[in-house]
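These notes are about the structure you will find just below.
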Amino acid sequence: MINKPDWEQTKQKYIEFWHRENHDRPLLGITASLGKKMPELPQPEKMADRWMDTDYILQSARRHMENTWYGAESYPNWFPNLGPDIFGATYGAEFVFEETTSYSVPFIKEWADHTELVFDHNNKWWQKILEMTRAGMADAKGDYLVSLTDFHAGADGLVSIRGPELLAMDIYDEPEAIKKASMKMFLDLVKQIDETFAMTQTVQEGTSNWMGLWHPEKWYVTSCDFSTMLSVDMFNEFILPEVQEEINWLDNHSIYHLDGPGALRHLDVLLQQEKLNGVQWVYGAGQPTAAHWIPTLKKIQDAGKLIHVDAPVGDLPVLLENLKPEGVFYNVSGVSSVEEGQAVIKSVEKAYQKKIF
């Protein structure tokens with residue numbers, strides 16, 4: 001594996017993490033540039049080609065991985081990515097591609113015209129994801145992991161084909177249509193995850209995705225960013241049933257992506273979900289960083305759930321002092337060199353020996 005000679009040991013650390021048995025230290029996602037000078041790779045002129053030209057994308061990804069040090073539990077990981085609206089696009093939406101993101105163009109004007117959502121396996125965007133996945137596996141050859149794409153089903157999937165404002169109104173005007181469509185999306189989510197998971201298993205063991213965590217079996221992220229617009233009662237009525245279907249189907253192989261302070265009101269009911277493994281707390285741009293959310297993180301840990309959180313390197317002393325290591329993953333940022341990264345790892349190891357960072 002590219003720049004990851006200790007991958008076998010890393011896999012064991014992940015197994016311990018999923019069982020909350022990593023007693024020596026929390027897991028760390030920590031990388032640094034190796035500073036290699038590499039020939040410039042010509043970028044496609046058209047914005048869409050920068051997302052759709054599979055050869056260019058894989059060359060870019062490989063060059064990045066070859067110039068990256070993967071410390072602790074980080075590893076070279078690539079996923080076929082057309083943006084967070086790819087799931088909705090498989091129902092017929094078009095895409096707009098920009099420099100750092102993409103978004104679908106909602107096409108549902110009236111629910112009466114779309115009483116049945118149809119996922120077309122021959123949809124051009126879905127076929128592109130499959131093609132990219134195959135190409136990634138052919139290129140990887142054990143050098144890196146090929147992950148599942150960024151699926152957003154349920155209400156987030158509905159947002160991508162209806163738009164957030166109209167969907168918010170639909171909660172009042174078309175409640176039964178929303179519930180039915182959300183559950184239909186769950187059934188198609190199962191099909192899409194199963195198909196791409198089966199493809200990856202022909203060349204690699206276990207599953208990875210955009211969150212950067214490895215599991216020896218099939219696992220995925222559950223989420224609903226639209227929930228920031230909803231009250232607790234609305235979440236419990238319109239969102240939770242579909243999320244529960246995802247959690248129960250994944251059967252102790254899921255982490256909920258809780259995105260932003262507006263979503264915190266839903267944390268309590270999520271922590272009650274027995275088959276949900278953990279929570280990724282995303283505090284959001286412009287918000288205080290990880291060390292300022294100790295009560296939230298402790299609530300997650302005290303509920304017996306895993307934690308995934310982005311942590312600037314300067315936040316680690318507070319986090320290590322207040323949280324147990326078991327079942328915790330810190331995605332560390334702000335590391336400027338391999339030497340600094342190695343020093344951080346050693347300091348984290350010592351912290352749980354002496355309770356000092």
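Shape analysis of segment 92-170 yields a ratio of the Cα radius of gyration to the Kirkwood radius, Rg/Rh, of 1.06.
Rolling a 1.4 Å probe over the heavy atoms of the protein chains gives segment 72-207 an accessible area of 41 Å² per residue.
Give me the net charge of Met65's neighbourhood, meaning all other residues with Cβ under 15 Å from the Cβ of Met65; Lys, Arg count +1, Asp, Glu -1.
+2
Which net charge results when you count Lys and Arg as +1 and Asp and Glu as -1 among the other residues whose beta-carbon is under 12 Å from that of Asn331? Taking every Cβ under 12 Å from that of Asn331, the sum is -3. Quick check on segment 146-274: take the gyration tensor over C-alpha atoms, sort the square-rooted eigenvalues as a ≥ b ≥ c, and tell me if it's rounded (a/c under 1.5), prolate or oblate. Because a/c hits 1.5 or more and a/b exceeds b/c, segment 146-274 counts as prolate. Along the axis of the charge dipole computed for segment 1-77 (Cβ charges of +1 for Lys and Arg, -1 for Asp and Glu, origin at the Cα centre), the listed residues Ile57, Pro39, Ile2 are led at the positive end by Pro39. Label-to-label distance, His121 versus Lys141, with points set 7 angstrom from Cα along the beta-carbon direction: 3.1 nm. Less than 15 Å apart at the alpha-carbon level, and either on another chain or at least 8 residues along: which aspartates and glutamates does that give for Lys4? Partners found: Glu66, Glu73, Asp143.
Other residues with beta-carbon under 13 Å from the beta-carbon of Val190 carry, at +1 per Lys or Arg and -1 per Asp or Glu, a net charge of -4. In terms of accessible area, using a 1.4 Å probe and ignoring ligands and nucleic acids, Ser227, Ser33, Ser347 rank largest first as Ser33, Ser347, Ser227. Segment 51-95 and segment 22-43 have Cα centres lying 15 Å from one another. Taking the chain as a Gaussian network of alpha-carbon nodes connected by springs under 10 Å, the highest mean-square fluctuation of the residues Asp113, Asp315, Asp143 belongs to Asp113.
Only protein atoms count toward the accessible area here, which uses a 1.4 Å probe; on segment 1-133, the carbon and sulfur part of that area reaches 50 percent.
Its relative contact order, with pairs defined as Cα atoms under 8 Å and 6+ residues apart, puts segment 1-160 at 28 percent.
Taken over segment 49-96, the ratio of Cα radius of gyration to 2.2 N^0.38 Å equals 1.46.
Rounded if a/c is under 1.5, else prolate if a/b beats b/c, else oblate: with a ≥ b ≥ c from the C-alpha gyration tensor eigenvalues square-rooted, which is segment 205-320? Oblate. Summary value for segment 199-357: 15 percent relative contact order, contacts being C-alpha pairs under 8 angstrom separated by 6+ residues. Here's the picture: a label point sits 7 Å out from the Cα of Glu339 along the beta-carbon direction, and within segment 11-47 the residues with their amide nitrogen under 17 Å of it are 32-36.
When only Cα pairs below 8 angstrom with a gap of at least 6 residues are kept, segment 161-280 shows a relative contact order of 22 percent.
In this label model, Ser231 and Ala198 are separated by 4.4 nm, measuring between points 7 Å along each Cα→Cβ vector.
Taking a quarter of the surface of the Cα convex hull of segment 157-205 gives a mean projected area of 4.0 nm². With both labels modelled 7 Å from their Cα along Cα-to-Cβ, the Ala303 to Glu8 distance reads 3.9 nm.
Over the chain, dividing the summed -39,500 (n - 2.57) contributions of all DSSP H runs of at least 4 residues by the number of residues returns a 222 nm mean residue ellipticity of -12500 deg cm²/dmol.
Of the residues Asp24, Asp251, Asp173, the one that moves most in a GNM of the chain with alpha-carbon contacts below 10 Å is Asp173.
Quick one: of Lys36/Lys346; Lys324/Lys346; Lys305/Lys350, which pairs are farther than 19 Å apart, Cα to Cα?
Those over the limit are Lys36/Lys346; Lys305/Lys350.
Overall, the accessible surface of segment 221-357 at a probe of 1.4 angstrom is composed of carbon and sulfur to the extent of 48 percent. Annotation for segment 1-61: GluC sites (Glu not before Pro) lying in DSSP loop with at most 14 further Cβ atoms inside 10 Å of their Cβ are Glu21, Glu40, Glu45. Using a Gaussian network model of the chain in which every pair of alpha carbons under 10 angstrom is joined by a spring, one finds that among Thr202, Thr54, Thr90 the greatest mean-square fluctuation is at Thr202. Take the chain and mark each of the trypsin sites (Lys or Arg not before Pro) that is in a DSSP loop with at most 15 other Cβ atoms within 10 Å; the longest unmarked stretch, sites excluded, is 142-274.
The values are calculated or read from the model by the stated rules, or taken from the named source; none is laboratory data. Only a predicted model underlies this, so the values are computations on that prediction, with no experimental measurement involved. All Cβ positions, glycine included, derive from the backbone under ideal geometry; neighbour counts span all protein chains shown. The accessibility values were calculated without ligands, DNA or RNA, using every heavy atom of the protein model including side chains. Shrake-Rupley method; radii C 1.70, N 1.55, O 1.52, S 1.80 Å.
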